[in-house]
Amino acid sequence: MKEKIKVPKTSSEVDDLIETIAEFQKQEARNIEEANKQIQRIKSRTHRRVGLIRRKIFRLAFVIRDYYTANKKELTSGGKLKVVKLINGIFQEYFTKRSVKLIGDESGAAEELEKAGLGRFVRIKKEVDKDAILRHPEKVAGIKSIKIIEKKKRFLITPSETNISVIIEIKSK
């Protein structure tokens, strides 16, 4: 049940109510600050535990990848299959597409391309035409704000039970 508050009759009573509001606000701020500290402690503990779990997951993923590498012909029927399906999940090796990464902002990269006489790689609305760059990467060699990211080899494992994929990058030798 709400506490009945009397309407003040004097400025002094209003001033006391304002002081009470300030006390409640400070109490509120202290409660929020304490809750945030508790949340931060919980996040920190959880982050450490999750980090350990993630390292275990990736160690297992790399072991599975090693098994795949050693038995690739048999597992993929000589390269005919892309995905290996087992009772508890799937795994596969695949390549990502090549892509263009802009270092810095896009307008700076567009200006640099134009200065280098490569305006054909810049769209009318002043955005970099990444598809055109991928077709002619040799033309943009030396442009500091453009980097061609070569396709990457990845290995994917997806347990059926969780349907959450673990993806590891495969380093080129």
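Values for this structure:
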read-out: The listed residue being assigned by TED's automatic domain parsing to the domain that holds Ile167 and surrounded by fewer than 11 Cβ atoms within 10 Å (Cβ to Cβ), out of Arg54, Arg48; value: Arg48
read-out: Neighbours by Cβ (under 6 Å, 6+ apart or cross-chain): first from the stretch 68-84, in the same structural domain as Ile170 (by TED's automatic domain parsing); second part of a helix (DSSP H, G or I); value: Val84/Leu75
read-out: Qualifying residue in the stretch 51-69 (condition: among the small types (Gly, Ala, Ser), within 23 Å of the chain's Cα centre (by Cα) and farther than 15 Å from Ile157 by Cβ); value: yes
read-out: Residue in the stretch 102-112 that is loosely packed, with under 14 Cβ neighbours inside 10 Å, of a type in the set (A, V, I, L, M), farther than 30 Å from Ile164 by Cβ and touching a residue at least 24 places away in the same chain (Cβ under 8 Å) present; value: yes
read-out: Boolean, Glu169 is closer than 30 Å to Asp66 by Cα, assigned by TED's automatic domain parsing to the domain that holds Val63, in contact (Cβ under 8 Å) with a residue 40 or more places away in the chain and acidic (Asp, Glu); value: no
read-out: Test: Leu156 is without any contact (Cβ under 8 Å) to a residue 40 or more places away in the chain, surrounded by 13 or more Cβ atoms within 10 Å (Cβ to Cβ) and closer than 30 Å to Lys72 by Cβ; value: no
read-out: Hey, Ile148 modelled with pLDDT under 95, surrounded by 12 or more Cβ atoms within 10 Å (Cβ to Cβ), of a type in the set (Val, Ile, Thr) and not in a helix (DSSP H, G or I) or not; value: yes
read-out: Strands (runs of 3 or more DSSP E) lying entirely in the stretch 1-112 (those with 3 or more residues that are out of contact with any Lys or Arg (no Cβ under 7 Å at 6 or more places or on another chain)); value: 83-86, 89-95
read-out: Among the residues listed as Lys130, Lys37, the single one being over 29 Å from Ile164 (Cα atoms) and not assigned by TED's automatic domain parsing to the domain that holds Leu156; value: Lys130
read-out: Only one of Arg123, Arg154 that is among the charged types (D, E, K, R) and more than 30 Å from Gly89 (Cβ to Cβ); value: Arg123
read-out: Check on Ile42, surrounded by 10 or more Cβ atoms within 10 Å (Cβ to Cβ) and modelled with pLDDT of 95 or more; value: yes
read-out: Which listed residue, of Ile124, Ile90, is surrounded by 14 or more Cβ atoms within 10 Å (Cβ to Cβ) and modelled with pLDDT under 95; value: Ile90
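The values are calculated or read from the model by the stated rules, or taken from the named source; none is laboratory data. In this text the structure is predicted, and so the values were computed from the model without any measurement. Ideal geometry is used to build each Cβ from the backbone, glycine not excepted, and the neighbour counts take in all protein chains shown.
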